[in-house]
Structures are given as structure tokens and as C-alpha cells.
Amino acid sequence: FNLDKKTSTPEENQQFLISRLSEIRESGSNLLLDGHFVLVGSQGELIGLKQEVFRDMKLDGVVLIECDDLKIEERFRDRGASLHYLPAALREAERKNAIEICEALSIPLVILNEPSNKGFTEALKNNF
């Protein structure tokens, strides 16, 4: 990935992730994974990750953390990256794909808006 977090090979990236997750699961460790349901392609297009990727990850649950447009823009600026789409488009694509995938795979989904550390911890305790 570069600063824009664009990828030219989303399938290869996801297969590598699934392989590493399998190794961690086999070791008996727990893992909290910070990831996305949408990637940005090399041309700036939003690419929804496929259901099979999440099926193969064998997730126990998903916490989707959302934030407002200004925060998304700030994060891109802070890392010196260019934003090639509207922040709302990214947030809406993430949410739509997360809901569709979690419903299809019966994975519990909690959606939080910029939670505090305490709010995030409580959500984990109360839902998983």
C-alpha cells in the first residue's frame, strides 16, 4: 500500500491476510483485526471486498467504526495522502458491504460512531 492505501491486487492482499489469520487461529491466540470492507483501487475506485473473504476469515463478530467526513479528510491529510472520492461515499460503501456480508454470514455486527476507548470496550463486552 502507498499513502493513499490504494491497491492494485486486492485479491492477493486478502489471500495473504486469510493465510496469516489461519496461522494465528491455529496458535490459539485471540486477535482484534482493524480492517475495511472496501478497498481503494489503483485508479481511486472503491472496491467492495467479497463475502468469501470474510467467510474464510471465520470472524466471531464485527465492529464497524464510522466517523464524519471531516475526520476522514483529516486522516488523509495527516498521512499526506490524496482523497479521490467523497468521504461519504467511502463510509456508505463500507456500511453497505458490512451489513450485507454480516447478514449473509450470520456474523454479529455492531456499528459505532467514533467511540471512546470505554465505549468501544463496552461494545465488545456486551456483544461478543
Open item on the list: Just the residues that are farther than 21 Å from ILE111 by Cβ, of a type outside the set (Val, Ile, Thr) and open to solvent by less than 60 Å² (accessible area, probe 1.4 Å), please, taken from segment 24-41.
Closed with: GLY41
- [ ] Can you run down the residue pairs with Cβ atoms below 9 Å, 6 or more apart or on separate chains, where the first is in segment 113-124 and closer than 18 Å to LYS71 by Cα and in contact (Cβ under 8 Å) with a residue 12 or more places away in the chain and the partner is basic (Lys, Arg) and open to solvent by 50 Å² or more (accessible area, probe 1.4 Å)?
- [x] GLU114/LYS71
TODO: For LYS6, work out the one condition from (1) within 28 Å of ALA88 (Cα to Cα); (2) modelled with pLDDT of 80 or more; (3) open to solvent by less than 60 Å² (accessible area, probe 1.4 Å); (4) not hydrophobic (A, V, I, L, M, F, W, C) it doesn't fulfil.
DONE: (2)
Open item on the list: Can you name every one of the helices (runs of 4 or more DSSP H) wholly within segment 50-128 that holds 2 or more residues which are open to solvent by less than 90 Å² (accessible area, probe 1.4 Å) and closer than 18 Å to LEU21 by Cβ?
Closed with: 51-57, 87-105
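The values are calculated or read from the model by the stated rules, or taken from the named source; none is laboratory data. Here the structure is a predicted model, which means the values were calculated and not measured. Positions of Cβ are generated from backbone atoms using ideal geometry, with glycine treated the same way; all protein chains shown enter the neighbour counts. Only protein heavy atoms, including side chains, enter the accessible area calculation; ligands, DNA and RNA are left aside. Shrake-Rupley method; radii C 1.70, N 1.55, O 1.52, S 1.80 Å.
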